[in-house]
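The values are calculated or read from the model by the stated rules, or taken from the named source; none is laboratory data. Predicted, not measured: the structure shown is a model, and the values here were computed from it. Here the Cβ positions follow ideal geometry from the backbone for every residue, glycine too, while neighbour counts run over all protein chains shown. Only protein heavy atoms, including side chains, enter the accessible area calculation; ligands, DNA and RNA are left aside. Shrake-Rupley method; radii C 1.70, N 1.55, O 1.52, S 1.80 Å.
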Amino acid sequence: MIIPEDDPVNLANQLLQTLLESTPNTQNFRGKWSLIGAKVAHLKTQLADLSDFPSFPTNALSLELLRSLTQTLYEAISLCKTCQTKNLPSGKLKTQNDVDSVSARLDSHVSDAEVLIKSGVLQDGVVSGSKRELVRVEARNLVTRLQIGTAESRNTALDSVLSLLQEDDKNVLIAVAQGVVPVLVRLLDSSSSPEIKEKTVTAIARVSTVDSSKHVLVAEGLLLLNNLLRVLESGSGFAKEKACVSLLALSQSKENARAIGSRGGISALLEICQAGTPSSQAVAAGVLRNLAAFPEIKENFIEESAVSTLLSLAASGTTSAQENSIGCLSNLVLDDVQLKLLIAREGGIESLKSFWDSAPTARSLEAAVDLLKQLSSCPPIAEVIVSDGFINRLVSVLNCAVLGARIAAARAVYELGFNTKTRKELGECGSIPPLVRMMEGKAAEEKEAAAKALSALLVYAGNRRIFRKEEKGIVSAVQLLDPLVQNLDKKYPVAVLALLVHSKTCRKQMIAAGAYLHLQKLAEIEVEGAKKVLESLGRGKLWGVFARP
């Protein structure tokens, strides 16, 4: 029976049956043809399963599969007839290669049919209604296209995926829900085409920018990490940048950080910091900043002589690159005096000052203030910092609207208050009023940083006079003693009060604010200094008991 070309389902079935009946009659490569026969039988079953879907004969993906399968079957039948004769016109080796090629293509069709059956795209009928439903159907269709067909068709599907993902974050969430991430990761792992790899890593990078989708990337584990690191080593400049964007999301866990450090990732990232495009340098430095937050990775940075590269970028990169390299250095020098001294010797303070004075926003200053705080904990460097005019810069940040920057600045003030001269200068430059306001902030971290800084500044008598002029100073410090204010080291507000309790006026204010009851509880749990301040309040304790309603 002749099947017309415009009936692709019946045509494919007829060709499958013809090939199935022909394979037992071959005289050459009988073992290979026996395996092909098993694949053909499997395809017949799959085609029957696909035909159960009403939309199968008209679905674009189905028609594409049928066209490709039909072409393979025509070639397979012709080749099978050749192998039914003793003499092989093209020679044994060429014919064997052709048989292997047909077998591999049949494997691909089996795989594509399996994807089509399981994908659910054949269950999608004519869609009407919400835009979200239209996007869901399109995403499912594209996820299926990424898994079947030729490299060219997958490349075209990737273009459509990128267009869909770039439209808005909701589209990203819908595509992720339809399973796009595992498919992209497998495509990145299996494809040898630089163009497909570049587009795939671009799609993955887009997914990584949506916070609620990051966990899906993390779940892909080492397979994704290893492929991204390969892109860092041998991809195009654009692909390297997109790989860095993806790694920004993945480098925030200790396990991934270790994997990146042990697989040469730091070396590749530093190379981008040295020779990449300005935008890729900034993102690579951001990944390094994340990695440097884990002490376990620090040795990898030292082995790669990372400090000189980071200092160079901090001095000459874009604002974002400078900020990230400074943030990376801040993480690296934690509890490492030698690295702090190295940064100071290599011009780090000058670079810090330059960046500080040119930073576009207070938010971008947070990393710089934090590095200053780290360096200030080393007395020889602290003296240089003071002499270079950083005190006025710090006081300015204490008054900014960015919480993280204020906290870092208060901590730096504490570190710089190492002698009477700097305490005096910090007080005269106006650091005390904003620190008092910070004690009234919402975040416990801010309250503690302010109290800690004041505990150092008020050692100087002149600063105590400034503090007493602040109407809410003592009240704010007393409020921090309250057990309801949690996640705050009480020894710092206790230290502030200890420096003021010798003033009769201050004692009255403390008692009126309820300090006695709080201090009594703190003394019972042996908070440092609480017992002495309690004793100093003396006869005012009864007043303190009855003063509060």
Check your understanding: Listed residues ALA450, ALA443; which is among the aliphatic types (A, V, I, L, M) and at pLDDT 95 or above?
Key -> ALA450
Check your understanding: Would you call LEU484 out of contact with any Ser or Thr (no Cβ under 6 Å at 6 or more places or on another chain), in a loop (DSSP other than H, G, I, E, B) and modelled with pLDDT under 95?
Key -> yes
Review point. Does region 412-430 contain any residue that is within 21 Å of GLN322 (Cβ to Cβ) and touching a residue at least 12 places away in the same chain (Cβ under 8 Å)?
Key: yes
Check your understanding: Are any residues in region 19-36 closer than 17 Å to GLN71 by Cα and either surrounded by fewer than 16 Cβ atoms within 10 Å (Cβ to Cβ) or in contact with a Ser or Thr (Cβ under 9 Å, 6 or more places away or on another chain) (or both), and if so, which ones?
Key -> ILE36
Point to revise | Residues of region 168-184 that turn out to be within 12 Å of VAL143 (Cα to Cα) and either touching a residue at least 60 places away in the same chain (Cβ under 8 Å) or hydrophobic (A, V, I, L, M, F, W, C) (or both), as a count | key: 8
Review point. Is there a residue being outside any helix (DSSP H, G or I) and either surrounded by 12 or more Cβ atoms within 10 Å (Cβ to Cβ) or hydrophobic (A, V, I, L, M, F, W, C) (or both) anywhere in region 101-121?
Key: yes
Practice item. Would you please list the contacts, defined by Cβ atoms under 6 Å and residues six or more apart or on different chains, that run from a residue in region 1-23 that is of a type in the set (Ser, Thr, Tyr) to a residue that is modelled with pLDDT under 90 and exposed (fewer than 15 other Cβ atoms within 10 Å of the Cβ)? Key: none
Practice item. Go through the residues of region 402-412 one by one and say whether even a single one is outside any helix (DSSP H, G or I), under 33 Å from the mean Cα position of the chain (by Cα) and within 20 Å of ALA368 (Cβ to Cβ). Key: yes
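Per-residue answers, yes or no, for (1) crowded, with 18+ Cβ neighbours inside 10 Å; (2) of a type in the set (D, E, K, R):
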residue	(1), (2)
LEU184	yes, no
ALA219	no, no
GLY235	yes, no
GLU241	yes, yes
Review point. Residue check: is LEU164 modelled with pLDDT of 90 or more, assigned to a helix (DSSP H, G or I), over 21 Å from the mean Cα position of the chain (by Cα) and at negative phi?
Key: yes
**Study point:** Selection within region 46-74 - more than 22 Å from ARG154 (Cβ to Cβ), of a type outside the set (Ser, Thr, Tyr) and open to solvent by 30 Å² or more (accessible area, probe 1.4 Å)
**Key:** ALA48, ASP49, ASP52, PHE53, PRO54, PRO57
